[in-house]
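Have a look at the structure below before the remarks.
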Amino acid sequence: MAKTVLVTGGCGFIGVNFVRLLLESREDWQVVNIDKLTYAGNLQSLQDVAHHPRYHFVRGDICDGVLVEELFSRFTIDTVVHFAAESHVDRSITGPAAFIQTNILGTFTLLEAARKQWLSEGRENRHCRFLHVSTDEVYGSLGDAGFFTEQTCYDPRSPYSASKASSDHLVRAYFHTYGLPILITNCSNNYGPYQFPEKLIPLILNNALQGKELPVYGDGGNIRDWLYVRDHCEAIVKVVEQGRVGEAYNIGGHNEKKNLEVVELLCDMLDAKVGMLQSGKPRKSLVTFVRDRPGHDRRYAIDAGKIAEELGWTPKFTFETGMDKTVDWYLDNRTWLESVMDGSYRQYYEKMYGR
């Protein structure tokens, strides 16, 4: 079925991969990408599809109600996939205001625009969908056993996860109060191409290539469930097309790993692909344990049984196969990584849009 999809935050890590997937696999879907182009929004990541006939980019803030409503009207938006969010936990600790503004007020602005456009008198909205992309961090921290399910009580521990929990509740309220056709997905840690190098895997990869220290919080024993970004994007398409309105779906990779395991595997892969350090030592020798961050949840693990049973989705990539593709991508795209690290990626859109 033909759709016109508003992708928010489509120049961010997961958004870029999602836009690419839609343009590759859904020939009758129009894609409208709105992105504020903050530090984590990289327009260069979509440079090669900028003139695609089914793709439209709009630089803008999802908190701008006038602009958002104009986009809904101009493009006759019938589907929203809402990625746009401040997402780095460390940044939320030092500067929480931006997280409240974007993650809560921005979500509210989008919900209001969808409600006005889709639920107006006489408007056909049976095929409209508002999918809110959230995180497993809203559930808090697990013990040594058990998994997050869609029934797990929320227990956020950082300003970031609290802002995402708030937006989840707001999205559900629009379903129960107004009948807005919403869907929510809560995913585990994503990794893969185009990820901004403040996150663990690209940060460690970049440092390891340059022979710099590899900082690991605490004792490195914090556990995350890792999800290859392509798997995540394919799951989101499944939920848009087949998910039950009003429902939430957990999306996980079935790949629980300690942070230290991730770092060591990455080091081993780089040693094998590009050789040891100039000193002859393995890159694991660069690991440096640093003071743990406040409120650092010990373990996350997703039970993705609901999406598997109802929609037939399971991840295609193991952690090892996904990491192999990820490392190869960064090695083949070092200019992309370097442009992000030195800030020159911003010059690409500053020439067109200004700062």
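If ALA113 satisfies all but one of (1) more than 21 Å from the chain's Cα centre (by Cα); (2) in a helix (DSSP H, G or I); (3) surrounded by fewer than 23 Cβ atoms within 10 Å (Cβ to Cβ); (4) not charged (D, E, K, R), what's the number of the condition it fails?
Status for ALA113: all satisfied but (3).
Can you pull out every residue in the stretch 91-105 that is out of contact with any Cys (no Cβ under 8 Å at 6 or more places or on another chain) and either under 15 Å from LYS36 (Cβ atoms) or of a type outside the set (Val, Ile, Thr) (or both)?
At the first step, the residues of the stretch 91-105 found to be out of contact with any Cys (no Cβ under 8 Å at 6 or more places or on another chain) are 91-100, 103-104.
Within the stretch 91-105, ARG91, SER92, GLY95, PRO96, ALA97, ALA98, PHE99, ASN103 qualify.
In the stretch 317-344, which residues are under 14 Å from GLN210 (Cβ atoms) and at pLDDT 95 or above?
TYR330, LEU331
Where residues in the stretch 153-209 are assigned to a loop (DSSP other than H, G, I, E, B), hydroxyl-bearing (Ser, Thr, Tyr) and modelled with pLDDT of 95 or more, which of them is farthest from GLY246 (Cα to Cα)? Show your work before the answer.
So the first thing to find is which residues in the stretch 153-209 are assigned to a loop (DSSP other than H, G, I, E, B), and the list is 153-158, 179-181, 188, 192-199.
Then keep just the ones that are hydroxyl-bearing (Ser, Thr, Tyr); that gives 154, 158, 188, 194.
Adding the requirement that they be modelled with pLDDT of 95 or more leaves 154, 194.
On the way: TYR154: 17, TYR194: 31 Å.
If we take residues in the stretch 153-209 being assigned to a loop (DSSP other than H, G, I, E, B), hydroxyl-bearing (Ser, Thr, Tyr) and modelled with pLDDT of 95 or more, then TYR194 is farthest from GLY246 (Cα to Cα).
List, please: which pairs have Cβ atoms under 7 Å, are six or more places apart or on different chains, and start with a residue in the stretch 128-156 that is touching a residue at least 40 places away in the same chain (Cβ under 8 Å) and of a type in the set (S, T, N, Q) and end with one that is surrounded by fewer than 19 Cβ atoms within 10 Å (Cβ to Cβ) and outside any strand (DSSP E or B)?
SER141/ARG157; SER141/ARG298; THR149/ASP303
A quick yes/no check of all residues on (1) basic (Lys, Arg); (2) within 30 Å of SER167 (Cα to Cα); (3) in contact with a Leu (Cβ under 8 Å, 6 or more places away or on another chain); (4) free of Cβ contacts under 8 Å to residues at least 60 places away in the same chain:
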{"site": "GLU247", "(1), (2), (3), (4)": "no, yes, yes, no"}
{"site": "LEU286", "(1), (2), (3), (4)": "no, no, yes, no"}
{"site": "PHE289", "(1), (2), (3), (4)": "no, no, no, no"}
{"site": "GLY295", "(1), (2), (3), (4)": "no, yes, no, no"}
{"site": "ILE307", "(1), (2), (3), (4)": "no, yes, no, no"}
{"site": "LEU311", "(1), (2), (3), (4)": "no, yes, no, no"}
{"site": "VAL327", "(1), (2), (3), (4)": "no, no, yes, no"}
{"site": "LEU331", "(1), (2), (3), (4)": "no, no, no, yes"}
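Which condition from (1) under 29 Å from ALA98 (Cα atoms); (2) surrounded by fewer than 18 Cβ atoms within 10 Å (Cβ to Cβ); (3) basic (Lys, Arg) is the one that ARG129 breaks?
So the condition that ARG129 fails would be (2).
Could you please let me know if LEU183 is touching a residue at least 24 places away in the same chain (Cβ under 8 Å) and over 29 Å from GLY221 (Cα atoms)?
Details: touching a residue at least 24 places away in the same chain (Cβ under 8 Å): yes; over 29 Å from GLY221 (Cα atoms): yes.
Taking the combined requirement at face value, the residue satisfies it.
Quick one: which of ILE104, ILE62, ILE93 is in a helix (DSSP H, G or I), crowded, with 17+ Cβ neighbours inside 10 Å, β-branched (Val, Ile, Thr) and in contact with a helix residue (DSSP H, G or I) (Cβ under 9 Å, 6 or more places away or on another chain)? Reasoning before the result, please.
Values: ILE62 fails: in a helix (DSSP H, G or I); ILE93 fails: crowded, with 17+ Cβ neighbours inside 10 Å.
After ruling out the rest, the residue left standing is ILE104.
Filter the stretch 191-208 for residues that are within 17 Å of GLY41 (Cα to Cα) and crowded, with 23+ Cβ neighbours inside 10 Å and give the result. Walk me through it before giving the result.
If we filter the stretch 191-208 for residues that are within 17 Å of GLY41 (Cα to Cα), which is where we start, we get 191-199, 202-203.
Matches in the stretch 191-208: TYR191, GLY192, TYR194, GLN195, PRO202.
Pick out the one residue from LEU46, LEU119 that is more than 19 Å from ASN186 (Cβ to Cβ), free of Cβ contacts under 8 Å to residues at least 40 places away in the same chain and surrounded by 14 or more Cβ atoms within 10 Å (Cβ to Cβ). I'd like the intermediate steps shown before the answer.
Values: LEU119 fails: free of Cβ contacts under 8 Å to residues at least 40 places away in the same chain.
LEU46 is the lone residue from the list that is more than 19 Å from ASN186 (Cβ to Cβ), free of Cβ contacts under 8 Å to residues at least 40 places away in the same chain and surrounded by 14 or more Cβ atoms within 10 Å (Cβ to Cβ).
The values are calculated or read from the model by the stated rules, or taken from the named source; none is laboratory data. Predicted model only: the values in this text are computed from it and were never measured. Here the Cβ is made from the backbone with ideal geometry for all residues, glycine too, and neighbour counts use every protein chain on show.
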